[in-house]
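Working notes, beginning with the structure itself.
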Amino acid sequence: MSLFEAYLEEIETRKGEGLSPKPIDDGALTREVIAQVRDRAHPHREQSLQFLIYNTLPGTTSAAGEKAGFLKEIVLGEVEVPEISKGFAFELLSHMKGGPSVEVLLDLALGAEPTIAKEAAEVLKTQVFLYEADTDRLAEAFKAGNAVAEEILNSYAEAEFFTKLPQVDEEIEVVTYIAAEGDISTDLLSPGNQAHSRSDRELHGKCMISEQAQKEIETLKLQHPGKRVMLIAEKGTMGVGSSRMSGVNNVALWTGTQASPYVPFVNIAPVVAGTNGISPIFLTTVGVTGGIGVDLKNWVKKMGEDGKPILNNDGNPVLEQKYSVETGTVLKINTKEKKLYSADGGEELVDMSDSFSAQKLEFMRAGGGGVANLVEI
């Protein structure tokens, strides 16, 4: 049985579990996929093409090495794939984020074909995951008088990989989802007993909170297209307990935005909130993904005429609600004014200055810390 046939069997098994095809990280399987893409008459060509474009993991995986090498052949005109133009090949390389893709882009940028070199240089100017070996190649080419290398280095010196990114949206509409009342532990978002599945992002995502909660979140997304789901710890703090990148990954998977259309199940920029804010370590982890943490302060202690908190029969302060965030409530975040508003923007609900420090805004603009959100903390 070929690796591809075994992969198809695995796909059928996963389908029975409600899962999509597992992203490909193996170079040998990717070589089979590419061979079938090359063969215009192959019965699995169309399926293989989809796997290559949309289901092959980027970065430094062996699969990424095979994909980058094949895209290089397309750019150089050594192989023709009607569905992948030279321009599309460059786009795919730009989403592969380092490792073999940067090596290929440098090969093309420092090569002899001026038009290709120019296009490769434009892509390289957007890349941030260069190793020392990559920068050494640029330095050597610059010293040898290569104009393209000089252009790329000047771009890096001006930090154009960041300064040319679009600004953070001034207004972000959210719809609330109360995940629980009281403190929410990271173990609710990514249970420790499910650690074995963390490398399978889609599978691990099924352990977040509950199946019912996941269905309710999906329903909210369908009911409120264009709005972000804000996960809330009502009358509590979000993300207490151990630091867990997989917890933020799961929240992002269900409520965030897709990092790249060509990378499956890697989402970024979740919006999380708590009546008492976000646990500091968890908030840092949210920031790594370019997400937003909101200290709602929507419940406050009820004060008596003497200026002291009114206590209940258990001796605990009585809380009164300043504003409602019940599931399905639409709110607006203004990143410029750094405030949370009612749906119509007329009522200021809470100041969010701490959520939008200069550093946090930079993370949001950059889409987070890149591949950092792939790594378990």
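The values are calculated or read from the model by the stated rules, or taken from the named source; none is laboratory data. Because the structure is a prediction, the values reported are computed rather than measured. FYI the Cβ positions are ideal-geometry reconstructions off the backbone, even for glycines, and counts take in every protein chain you see. Note: accessible area is taken over every heavy atom of the protein model, side chains too, but ligands, DNA and RNA are not part of it. Shrake-Rupley method; radii C 1.70, N 1.55, O 1.52, S 1.80 Å.
Between 0 and 90 degrees, rounded to the nearest ten: what's the tilt of helix 45-54 against the longest Cα principal axis of the chain?
Once rounded, one gets 50 degrees.
So what is the accessible area of the stretch 131-187 per residue, in Å², with the probe set to 1.4 Å?
It amounts to 60 Å² per residue over the stretch 131-187.
Averaged per residue, what accessible area in Å² does the stretch 28-81 show with a 1.4 Å probe, protein chains only?
Accessible area per residue: 43 Å².
Could you tell me which label, among (i) 44, 24, 21; (ii) 44, 26, 16; (iii) 37, 25, 19, carries the value of semi-axes √(5λ) of the Cα gyration tensor in Å calculated for this structure?
The value computed from this structure is option (ii).
Hey, what did the chain get for relative contact order, percent, Cα under 8 Å, at least 6 apart?
That works out to 13 percent.
Averaged per residue, what accessible surface does the stretch 223-377 expose to a 1.4 Å probe, in Å²?
Roughly 45 Å² per residue, with all protein chains present.
In sequence order, what are the phi-derived ³J(HN,Hα) couplings for the stretch 26-31 according to the Karplus relation 6.51 cos²θ - 1.76 cosθ + 1.60 with θ = phi - 60°, rounded to whole Hz, with x for glycine and proline?
Coupling constants for the stretch 26-31: 9, x, 5, 5, 5, 4 Hz.
Nearest 10 degrees, 0 to 90: what angle lies between the long axis of helix 3-16 and the longest principal axis of the chain (Cα atoms)?
Its long axis makes an angle of about 20 degrees.
For V350, enumerate residues with amide H under 5 Å from its amide H, sequence gap 5+ or separate chain, H modeled in the peptide plane.
For V350, whose amide H was placed from the backbone, the distant partners under 5 Å are L340.
Under 16 Å between alpha carbons, and skipping anything fewer than 8 positions from K86 in its own chain: which aspartates and glutamates qualify?
E73, E78, D107, E113, E119, E122
For the stretch 35-110, run through the trypsin sites (Lys or Arg not before Pro) and keep only the ones in DSSP coil with at most 13 other Cβ atoms within 10 Å of their Cβ.
The qualifying sites are R40.
Ignoring any ligand, DNA or RNA, what whole percent of the accessible area of the chain comes from carbon and sulfur when the probe is 1.4 angstrom?
51
Mean residue ellipticity at 222 nm from the helices of the chain, using -39,500 (n - 2.57) per DSSP H segment of n ≥ 4 over the full residue count, to the nearest 500 deg cm²/dmol?
Result for the chain: -12000 deg cm²/dmol, rounded to the nearest 500.
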